[in-house]
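Student: Okay, handing you the structure first.
The values are calculated or read from the model by the stated rules, or taken from the named source; none is laboratory data. The structure displayed is predicted, hence computed values, not measured ones. As a convention, Cβ positions derive from the backbone with ideal geometry for all residues, glycine included, and neighbour counts pool all protein chains shown.
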Amino acid sequence: MCDCLDLSLLEPVLIKYSAVDGSLITILQKAQDLYGYLPVELLAYISKRTGIKLAKIMGVVTFYTQFRTKPAGKYLILLCQGTACHVNGSAGIEEAIKDYLKVSEGEITADGLFTYNNVACLGCCSLSPVMMIGDKTYGKLTKDSAVKILKEIEKQEEVK
């Protein structure tokens, strides 16, 4: 077990939900809120405490795009690469984002603000091409509008 994780932070969640059927996603969401991501060591601990096999937990974590097994920047960018988004130019938007942030997919920017990831579908086809940053959805994107959104977030952070 990683000594860097304070597992006591998760105890109230495990006490409340570990015996409740169907609560795995809730436990994982709350764990990710606490730790920022879900390292394998944490998932193994959740498995031990809930009695849910680690393989099942890993299946859930890798299936849902909301879960991360690696640290991420403060703002997680999810760019849809589904059919509608692809047809409407998501590849060009991806290049614009990567060029502006100077990162490859899955990397954290030098300032720690952004992590960029492609996802198979965000379920917003009528807004294609679309990306999510945190819980906010941005649709009908162009290369320029995507970069403008990132610049606005950076300006907001400078004010803080």
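Student: Within segment 8-65, how many residues are among the acidic types (Asp, Glu) and either surrounded by 13 or more Cβ atoms within 10 Å (Cβ to Cβ) or touching a residue at least 24 places away in the same chain (Cβ under 8 Å) (or both)? Give the steps one after another, and end with the answer.
Tutor: Of segment 8-65, the ones among the acidic types (Asp, Glu) are 11, 21, 33, 41.
From the residues that got through so far, the ones that are either surrounded by 13 or more Cβ atoms within 10 Å (Cβ to Cβ) or touching a residue at least 24 places away in the same chain (Cβ under 8 Å) (or both) too are 41.
Residues that pass the stated criteria total 1.
Student: Looking at GLU94, is it at pLDDT 95 or above, charged (D, E, K, R) and more than 25 Å from THR62 (Cα to Cα)?
Tutor: Values: at pLDDT 95 or above: yes; charged (D, E, K, R): yes; more than 25 Å from THR62 (Cα to Cα): no.
Considered against the rule, which asks whether it is at pLDDT 95 or above, charged (D, E, K, R) and more than 25 Å from THR62 (Cα to Cα), GLU94 comes out as no.
Student: Okay, moving on. Return the only residue of VAL103, VAL60 being among the aliphatic types (A, V, I, L, M) and in a helix (DSSP H, G or I).
Tutor: Values: VAL103 fails: in a helix (DSSP H, G or I).
VAL60 is the lone residue from the list that is among the aliphatic types (A, V, I, L, M) and in a helix (DSSP H, G or I).
Student: While we're on this one: Would you pick out the residues in segment 66-86 that are outside any loop (DSSP other than H, G, I, E, B) and either under 11 Å from the mean Cα position of the chain (by Cα) or buried (at least 19 other Cβ atoms within 10 Å of the Cβ) (or both)?
Tutor: So the first thing to find is which residues in segment 66-86 are outside any loop (DSSP other than H, G, I, E, B), and the list is 75-80, 83-86.
Listed by number, the residues that qualify are TYR75, LEU76, ILE77, LEU78, LEU79, CYS80, CYS85.
Student: Could you tell me which of the residues GLU94, GLU107, GLU157 is exposed (fewer than 14 other Cβ atoms within 10 Å of the Cβ) and farther than 30 Å from VAL20 by Cα?
Tutor: Values: GLU94 fails: exposed (fewer than 14 other Cβ atoms within 10 Å of the Cβ); GLU107 fails: exposed (fewer than 14 other Cβ atoms within 10 Å of the Cβ).
Unique residue meeting the criteria: GLU157.
Student: Within segment 106-135, take every residue that is of a type outside the set (S, T, N, Q) and within 19 Å of GLU158 (Cβ to Cβ) and give me the one that is modelled with the lowest pLDDT.
Tutor: So the first thing to find is which residues in segment 106-135 are of a type outside the set (S, T, N, Q), and the list is 106-108, 110-114, 116, 119-125, 127, 129-135.
Add one more test, that the residue is within 19 Å of GLU158 (Cβ to Cβ), and what stays is 108, 110-114, 133-134.
Working: ILE108: 94, ALA110: 93, ASP111: 94, GLY112: 93, LEU113: 96, PHE114: 97, ILE133: 95, GLY134: 87.
Out of the qualifying residues, it is GLY134.
Table: residues versus (1) in contact with a Pro (Cβ under 8 Å, 6 or more places away or on another chain); (2) among the hydrophobic types (A, V, I, L, M, F, W, C); (3) modelled with pLDDT of 95 or more.
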{"site": "SER8", "(1), (2), (3)": "no, no, no"}
{"site": "ALA19", "(1), (2), (3)": "no, yes, no"}
{"site": "THR26", "(1), (2), (3)": "no, no, yes"}
{"site": "GLY36", "(1), (2), (3)": "yes, no, no"}
{"site": "ILE46", "(1), (2), (3)": "no, yes, yes"}
{"site": "THR50", "(1), (2), (3)": "no, no, yes"}
{"site": "ILE57", "(1), (2), (3)": "no, yes, yes"}
